[in-house]
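The values are calculated or read from the model by the stated rules, or taken from the named source; none is laboratory data. Everything numeric here is computed off the predicted structure, so don't read it as measured data. Cβ placement follows ideal geometry from the backbone for every residue including glycine, while neighbour counts extend to all protein chains displayed. Remember, those area values only see protein heavy atoms, side chains included, never the ligands or the DNA or RNA. Shrake-Rupley method; radii C 1.70, N 1.55, O 1.52, S 1.80 Å.
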Amino acid sequence: MDQITEILQQALSELRSTDTLDALKELRVRVLGKKGSISTLMKGMGKLAPEERPVFGQKVNEARTAFETEFEAKKNELENAIKEAKLASEKIDVTLPTGAVEKGVLHPLTQVYREVRDVCMKLGFNVVEGPEMELDKFNFELLNIPKEHPARDMQDTFYINPEIVLRTHTSPVQARTMLTNKPPIRVICPGKVYRQDDVDATHSPVFRQIEGLVIDKGVTFADLRAMIDTILKALYGEDTQTRFRPGFFPFTEPSAEVDATCSLCKGKGCPACKGAGMIEVLGCGMVNPRVLEMCGLDPEVYSGYAFGLGLDRLSNIKYGVTDIRLNYENDVRFLRQFR
Ligand code: DAH
């Protein structure tokens, strides 16, 4: 009996001084394993008198349980210590300052688009979009551009098939809008347009436009002028002046081309405006009564105006960019300048 107590005490004192999991496992084998100190005690039972055996056996089992209980406690303690150490070493201080993160900037075309959009929306315009693959009917026919019109030349237009083109302008959205909405109509239609042009400083086969359309009773050219003035002043500054020159577009009558004070030289004359002090920025006009009719509106009741802005042009003039390709090459050295 004393031996049991002694072996148990011995085992427990070793257990208490163990400080690694490996050593702990090793100790367990030495104590409880087949040849372990406690297990070996059982083998001596045969030498005892039969009546002593139950008491002895019970005592050994108690010793075993006592060891196991302390063993489990120690094991938990060591495992917890390991976990704590790991947590402590992996701790991240989220309040530490980071290195400077460079913020992206909106593309200049996006910035200019949003400026135009915001002025228009404040004045009650909605934004509508149309497909880039467009029926000839909308891109040309309903806009009073008949089959033999030079704008339809194979040189200019990407034909998918004889009836479907990549839209050459955003004007087809006008026709779509008139056919599906009742006046009053006040919309702008932003989007990509396509033309078979070779790439150079002033041409790109893909570029961006914003179309504007207003249809109501009693809309006049004065309304158009005021609207264009408002947009250009918002974009280029309050001191911007506009000049309307007679122009021609099949879908408007009368039509005008609009020049604005060159925002770079403020009208003094510079290379960007070729010394003129003014620079052409957009086309516009009163919606041709034939177009109204073809789109199901009575020209005796309704009138309206339309305008078409080239986003690249507006942006390049605003920022003094002389090569349209810069807008499409995504060179961060260029883009970063539009903060
Ligand atoms: N669609 C014309 C183009 O791409 C631009 C334009 C001119 C649109 C006059 C209009 C307009 O709505 O009235 O060249």
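Which of the residues spanning the range 296-309 are open to solvent by 20 Å² or more (accessible area, probe 1.4 Å) and within 12 Å of the ligand (Cβ to nearest atom)?
Gly308
Please find, among Glu77, Glu72, the residue that is open to solvent by 40 Å² or more (accessible area, probe 1.4 Å) and within 30 Å of Met1 (Cα to Cα).
One residue alone meets the criteria, Glu72.
So that you can scan it fast, the table gives a plain yes or no per residue for (1) closer than 25 Å to Pro184 by Cα; (2) not in a loop (DSSP other than H, G, I, E, B):
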{"site": "Ala276", "(1), (2)": "no, no"}
{"site": "Ile279", "(1), (2)": "no, yes"}
{"site": "Leu292", "(1), (2)": "yes, yes"}
{"site": "Leu309", "(1), (2)": "yes, yes"}
{"site": "Asp312", "(1), (2)": "no, yes"}
{"site": "Asp323", "(1), (2)": "no, no"}
{"site": "Arg336", "(1), (2)": "no, yes"}
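Can you go through Val214, Val173 and tell me which one is farther than 30 Å from Asp323 by Cβ, within 13 Å of the ligand (Cβ to nearest atom) and in contact with a strand residue (DSSP E or B) (Cβ under 7 Å, 6 or more places away or on another chain)?
Of the residues listed, the single one that is farther than 30 Å from Asp323 by Cβ, within 13 Å of the ligand (Cβ to nearest atom) and in contact with a strand residue (DSSP E or B) (Cβ under 7 Å, 6 or more places away or on another chain) is Val214.
Restricting the first residue to the range 48-61 and requiring it to be in contact (Cβ under 8 Å) with a residue 40 or more places away in the chain, which pairs with a second residue that is of a type outside the set (Lys, Arg) and open to solvent by 70 Å² or more (accessible area, probe 1.4 Å) meet a Cβ separation below 8 Å and a spacing of at least six or different chains?
Phe56/Met1; Lys59/Met1
Just name the residue that is farthest from the chain's Cα centre (by Cα) out of those in the range 261-298 that are aliphatic (A, V, I, L, M), at pLDDT below 95 and over 15 Å from Thr322 (Cα atoms).
Looking at the filtered set, the residue picked out is Ala276.
Return the residues of the range 292-339 that are among the charged types (D, E, K, R) and touching a residue at least 12 places away in the same chain (Cβ under 8 Å); say none if nothing qualifies.
If the condition is that a residue be among the charged types (D, E, K, R) and touching a residue at least 12 places away in the same chain (Cβ under 8 Å), then Asp312, Arg313, Lys318, Asp323, Arg325, Arg336, Arg339 are the ones that fit.
Of all residues in the range 247-268, count the ones that are in a strand (DSSP E or B) and surrounded by fewer than 17 Cβ atoms within 10 Å (Cβ to Cβ).
Residues in the range 247-268 being in a strand (DSSP E or B) and surrounded by fewer than 17 Cβ atoms within 10 Å (Cβ to Cβ): 4 in total.
Would the range 218-235 turn up any residue that is open to solvent by 70 Å² or more (accessible area, probe 1.4 Å), over 20 Å from Tyr159 (Cα atoms) and in contact with a Lys or Arg (Cβ under 8 Å, 6 or more places away or on another chain)?
no
Mind checking which strands (runs of 3 or more DSSP E) fall wholly inside the range 111-200 and carry at least 2 residues that are modelled with pLDDT of 95 or more and open to solvent by less than 10 Å² (accessible area, probe 1.4 Å)?
185-194
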